[in-house]
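Just so it is clear, none of the values below were taken in a lab; they were calculated from the coordinates. These figures come from a predicted structure and were not determined experimentally. When we count neighbours, we look across all protein chains shown, and the Cβ atoms used for this are built from the backbone with ideal geometry, even at glycine.
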Amino acid sequence: MRAAALDTIWSMERTQTLVQLTQTLLRRLDERAAREGRSRSALIRDAIEDYLHDEEEAEISRQIVAGYERIPVTDEEMAGTEREAREMIREEPW
């Protein structure tokens, strides 16, 4: 990692917080952190970031679906591209 990137990481303001975990969850967390060669804190931070990102992506998907329900695609708009549209929709994770 470049020095500038490391400076940015270390200069980010952080707040310490207390989180209560079961012994089983703590053991699993420590095992994974050891397996990945990371700290427990780094693993928890990344897990929270992923969780929040997934939530944001799900909300965007809900808004897109709601938009198409409010204003459906017309037959004219689908003309010539129906097959491609169906394929793209099939590939969507929703």
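Specify which labelled value, from [x] 5.5; [y] 11.2; [z] 8.1, agrees with mean projected area of the Cα convex hull in nm² derived from the coordinates of the model shown. Working out mean projected area of the Cα convex hull in nm² from the coordinates points to [y]. Distance between the pseudo-spin-label points of GLU87 and LEU52 (7 Å out from Cα toward the beta carbon): 3.8 nm. Helices in the chain, meaning DSSP H runs of at least 4 residues, each add -39500 (n - 2.57). Divided by all residues, the mean residue ellipticity at 222 nm is -23000 deg cm²/dmol. Taken about its Cα centre, the chain carries a charge dipole of about 880 debye when Lys and Arg each add +1 at the Cβ and Asp and Glu each add -1 at the Cβ.
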